[in-house]
1. Helix 413-424 versus the longest principal axis of the chain: what angle, 0 to 90°, nearest 10, using Cα atoms?
2. GLY258: net charge of surrounding residues, Cβ under 15 Å, Lys/Arg +1, Asp/Glu -1, itself excluded?
3. Treat the count of other C-beta atoms within 10 Å as a stand-in for reagent exposure and order ARG294, ARG56, ARG363 from fewest to most.
4. If we count every other residue with Cβ under 12 angstrom of LEU410's Cβ, Lys/Arg +1 and Asp/Glu -1, where does the sum land?
5. Less than 13 Å apart at the alpha-carbon level, and either on another chain or at least 8 residues along: which aspartates and glutamates does that give for LYS360?
6. Taking the Cα centre as origin and putting +1 on Lys and Arg beta-carbons and -1 on Asp and Glu beta-carbons, what dipole magnitude results for segment 173-244, to the nearest 20 debye?
7. Quick one: which of LYS3/LYS334; LYS68/LYS327; LYS167/LYS263; LYS327/LYS361; LYS122/LYS234; LYS207/LYS296 span more than 26 angstrom between C-alpha atoms?
8. Test of understanding: what is the full-extension gain from THR37 to THR390, defined as 0.36 nm times their sequence separation minus their Cα-Cα distance?
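Here, each number is a calculation from the coordinates, and none is a lab measurement. The shown structure was predicted, so the numbers you read here are calculated from the model rather than taken from an experiment. Cβ atoms come from the backbone with ideal geometry, glycine included; neighbour counts cover every protein chain shown.
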Amino acid sequence: MDKWNIETKCVQSGYRPQNGEPREVPIYQSTTFKYDTSADMAKLFDLEASGYFYTRLQNPTNDLVAAKIAAMEGGTAGMLTSSGQAANFFAIFNIANAGDHIISSSSIYGGTFNLFNVTMRKMGIEFTFVSPDCTEEELEAAFRPNTKAVFGESIANPALTVIDFEKFASAAHAHGVPFIVDNTFPTPVNCRPFEFGVDIITHSTTKYMDGHGSAVGGAIVDSGRFDWMAHADKFPGLTTPDDSYHGITYAEKFGKEGAFITKATAQLMRDFGSIQSPQNAYYLNLGLESLHVRMKQHCANAMALAEFLKSSPKAEFVNYPSLPGDKYYDVAMKYMPNGSCGVVSFGVKGGRAAAEEFMKKLRIFAIETHVADARSCCLHPASSTHRQLTDEELDACGVAGNLVRMSCGLENTEDLVADVANALG
Ligand SMILES: *Cc1c(COP(=O)(O)O)cnc(C)c1O
């Protein structure tokens with residue numbers, strides 16, 4: 001693992017060209033790979049040798065970029081997926097089958113909530129949602145004998161709650177299951193959850209990592225620390241032979257460091273094919289090379305906007321974890337002292353209609369479903385991303401009807417604040 005600081009990892013980790021090789025990450029725009037003998041290829045199919053045979057499972061460009069993200073998070077193995085949705089689905093489905101149970105923070109991205117609460121329930125996996133602010137006793141009470149993982153978002157989109165890693169990790173570990181965290185919003189530039197007991201990290205790379213609104217993608221990184229064999233009865237998929245791979249036992253053959261990602265690649269990528277295109281992986285790498293520079297400006301803009309809104313009589317409330325006085329300020333200072341993210345949410349005084357009126361008047365912030373790219377944008381979750389949720393479910397996600405999510409881009413700070421001040425009237 002590279003010992004560099006995060007800024008150097010953003011630029012240098014993953015691809016290290018040898019003498020005479022391309023300086024830029026090459027795009028392996030090829031579905032397939034050529035071998036001299038069938039025996040060579042057979043070794044790949046048996047996972048006896050590592051290499052590439054078909055891009056539905058693995059591609060060299062993707063692996064170089066995944067290796068960079070793994071280095072940035074301080075993990076041992078990583079993989080790219082076609083989207084953040086695919087990353088979260090794979091991270092859970094890799095260790096939970098029909099009849100199993102997952103504990104998730106209730107304060108998560110609407111798409112993830114729907115994936116868990118609707119689609120994965122149909123697959124026979126049960127979910128219990130707990131508040132990120134729950135007590136240790138409440139968290140403890142959510143565990144069942146068939147619980148296989150605990151899930152949360154480091155900074156939740158769009159509620160901007162910050163999860164207490166140590167509280168959730170120690171409960172998960174006391175029950176012999178991993179703690180999985182979606183680290184999309186702070187990115188490893190601002191927060192590295194593995195340093196606080198998290199076992200597996202997921203990302204929607206569509207957001208800050210790409211950073212330019214050009215490529216949908218996801219990633220999964222393994223800390224390499226969760227001991228599957230020590231809890232072998234809970235994770236038979238990793239600790240007993242896989243008949244679809246000639247009796248390989250992932251946790252034995254690939255160890256703690258490699259078992260999770262190898263299984264997710266060999267089984268889930270093979271069967272679901274949610275691969276990121278190598279071209280998108282290339283765009284993602286371009287974004288990663290400047291992530292550390294961009295996050296500073298996103299955060300500075302968000303802080304200025306949050307401070308302005310806090311002093312504005314037109315704002316009913318402001319959520320920004322790095323803002324002194326925020327409900328999550330102390331947790332944010334503990335886990336992400338150098339900054340959180342570029343997203344600020346606030347409640348427009350006057351309710352739902354006032355929120356919609358405010359958004360119409362903005363000139364720089366554009367109305368988009370997206371967040372976290374170079375251009376500032378905003379969204380009214382209650383009428384868009386969270387439309388399918390009931391009022392009770394909205395409350396559970398921490399999303400009020402008048403809440404507007406402001407994603408601060410890379411523009412000039414005063415221009416952004418002036419745009420909001422003008423639209424609030
Ligand atoms: C956007 C987002 C996702 C889903 O990612 P896609 O790339 O859109 O599939 C998951 N988690 C969080 C925190 C997100 O912001």
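1. 60
2. On the way: positive: ARG225, LYS253, LYS256, LYS263; negative: GLU48, ASP63, ASP199, ASP222, ASP227, ASP242, GLU252, GLU257.
Neighbour charge sum, excluding GLY258 itself: -4.
3. Details: ARG294 23, ARG56 15, ARG363 10.
Result, fewest neighbours first: ARG363, ARG56, ARG294.
4. Working: positive: ARG294, LYS296, ARG375; negative: ASP373, GLU411, ASP415.
In short, 0.
5. GLU368, ASP419
6. Values: 4 positive and 9 negative charges, 58 e Å.
Computed about the Cα centre, the dipole is about 280 debye.
7. Details: LYS3/LYS334 23 Å; LYS68/LYS327 33 Å; LYS167/LYS263 28 Å; LYS327/LYS361 29 Å; LYS122/LYS234 21 Å; LYS207/LYS296 15 Å.
Beyond 26 Å between Cα atoms: LYS68/LYS327; LYS167/LYS263; LYS327/LYS361.
8. That works out to 121.3 nm of additional length.
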